[in-house]
Amino acid sequence: MLVKRNPRLLASALPDGNTALLVVETGRYVTFDGTATAIWERIEDPIAFADLIDSLLAEYDVTQAVLEKDVTDALHKLAEMQVVTLAD
């Protein structure tokens, strides 16, 4: 699976290290915590899901199975909100 950012977003880093986004098509705001911000930073360019997981595993003390499930769930929610696209 290839993960891509929606290019029609306005993003801003917040002083607390989190990220705020505006989805232009829907007018919806999304705020990311530190973990979601880590994912967001890694998908600046399109990235394969496996590479995203490998990068996050290097930073977080979690099993690969747990990380894959959590990231998959998060990416599907973000896709529903039109923040990312997921392609096979």
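The values are calculated or read from the model by the stated rules, or taken from the named source; none is laboratory data. Keep in mind that what you see is a predicted model, and the values were worked out from it rather than measured. Because the Cβ atoms are built from the backbone with ideal geometry, glycine has one as well, and the counts that use them run over all protein chains shown.
A few points about this structure:
- Pairs, first among the small types (G, A, S) in region 30-49, second loosely packed, with under 15 Cβ neighbours inside 10 Å and part of a helix (DSSP H, G or I), C-beta under 8 Å, six or more apart: A38/E59
- Applying the condition of being touching a Leu at 6+ places or on another chain (Cβ under 7 Å) and exposed (fewer than 15 other Cβ atoms within 10 Å of the Cβ) to region 23-37 and asking which residue is nearest to Y60 (Cα to Cα) yields Y29.
- Options K4, K77: the member that is surrounded by 11 or more Cβ atoms within 10 Å (Cβ to Cβ), charged (D, E, K, R) and outside any helix (DSSP H, G or I): K4
- Scanning region 31-63 for residues that are among the aromatic types (F, W, Y), touching a strand residue (DSSP E or B) at 6+ places or on another chain (Cβ under 8 Å) and outside any helix (DSSP H, G or I) turns up just one, F32.
- Qualifying residues in region 15-30 (those that are part of a strand (DSSP E or B) and more than 11 Å from the chain's Cα centre (by Cα)) - the one farthest from E80 (Cα to Cα): A20
- Taking the criterion of being surrounded by 10 or more Cβ atoms within 10 Å (Cβ to Cβ) and either at pLDDT 95 or above or on the phi > 0 side of the Ramachandran plot (or both), the residues of region 44-61 that qualify are P46, I47, A48, F49, A50, D51, L52, I53, D54, S55, L56, L57.
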